[in-house]
Each structure stands twice: as C-alpha cells, then as structure tokens.
1. Surrounded by fewer than 21 Cβ atoms within 10 Å (Cβ to Cβ) and without any contact (Cβ under 8 Å) to a residue 24 or more places away in the chain: does that describe GLN61?
2. Only residues that are open to solvent by 10 Å² or more (accessible area, probe 1.4 Å) and in contact with a helix residue (DSSP H, G or I) (Cβ under 8 Å, 6 or more places away or on another chain): list them for region 36-49, please.
3. Do you know which of the residues in region 116-132 that are surrounded by 11 or more Cβ atoms within 10 Å (Cβ to Cβ), of a type outside the set (D, E, K, R) and within 15 Å of LEU31 (Cα to Cα) is modelled with the lowest pLDDT?
Amino acid sequence: MSFTSVPFFITYADNPELALCAEDSMKGAPLVLRPLQGNMLALFNVDFVSGLFGLATSGNQLVIGAEQIELGSPLKMQLLDDADKDKQRWDIFSAPGDIISYADPTLAIGLCVGTDKLRPLELTELDFDRYPQWILRPFTVVRPKAAANYA
C-alpha cells in the first residue's frame, strides 16, 4: 500500500466547512460530518491505487469500511484487513465528487436526503444526476479562518 504523505480532508460539497470524520480513533467508530477546523479525526491518508482511506491519527491502521455492502449500511472505522479489503475499498475516479464502493458500484458514501447531518454516514445509492457530495482537500491548503481573513 502506498498512502499519501499529505493527509486530506474529505469535505461536504454542500458546506465545505464540514468534513467526513471518525467519531473516535478506535475500531468501530462511526463516520459523521463535523467541522473540519482543528479536527484531527477528519484527516485521511489516501491510497489512490488501492482505494483505501486511512485515518491519519491511527497511522493508517484504521480505514473507512462497511460491515455489509448494502443500501443503508453504516460506515465505520475498521482495522485494515486483506480479508475485508473489498468492503474497505473505494473508487473516487469513476464519478468525481462521489466515493463509490468498490464491491458494489451502485453504492456510495453519503447522507440520506433530509436527515440530520450529525447522523452517521452510510452507503447510499449512487445518483449521477445530482451534484457531487465530496471534495478532497489536502491538509496543506486548508488554512485556519483567522489566517484566511488576513490573506
């Protein structure tokens, strides 16, 4: 595996101040949307070849995954495991702005429409007609609000 040396925030396209985030840096922690400023649990290293998203604070030992690849399955942090690799792999190239399940290309990381943004993220149907949901922003280009005001 070759994870990136610079971690990324995976920001929500509707509100780029919110990012995909682990609720905790432990196995089984759900993925949620939280403000990205000062949030180390929102930093992910990406292996673009394998399609893995490793939680930077875990040394990439925890990756985004789903226990079941089916509509509505919650997304959680899982131990990187070759046996479960298909449940932990994602495609970000087929539909830019969406993060698609490698195991089932009809499912993507998302929010159910009309749900609370603080609710855990889950596998939703991929909808090519709607706008993209996610923007990968390198850690090096995200500046604190105070510094941005003086730039």
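The values are calculated or read from the model by the stated rules, or taken from the named source; none is laboratory data. No experiment lies behind these values; they were computed from the predicted model shown. Virtual Cβ from ideal backbone geometry, glycine too; neighbours counted across all protein chains shown. Protein only, heavy atoms only, side chains kept; ligands, DNA and RNA dropped before computing areas. Shrake-Rupley method; radii C 1.70, N 1.55, O 1.52, S 1.80 Å.
1. Taking the combined requirement at face value, the residue satisfies it.
2. To start, the set of residues in region 36-49 that are open to solvent by 10 Å² or more (accessible area, probe 1.4 Å) comprises 37-41, 45, 48-49.
The answer is GLN37, MET40, LEU41, ASN45.
3. So the residue we want is PRO120.
Let's see how each residue does on (1) closer than 17 Å to ILE135 by Cα; (2) open to solvent by less than 40 Å² (accessible area, probe 1.4 Å):
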| site | (1), (2) |
| --- | --- |
| PHE3 | no, no |
| ALA22 | yes, yes |
| LEU31 | yes, yes |
| ARG34 | yes, no |
| THR57 | no, no |
| GLU70 | no, no |
| GLN78 | no, yes |
| ASP84 | no, no |
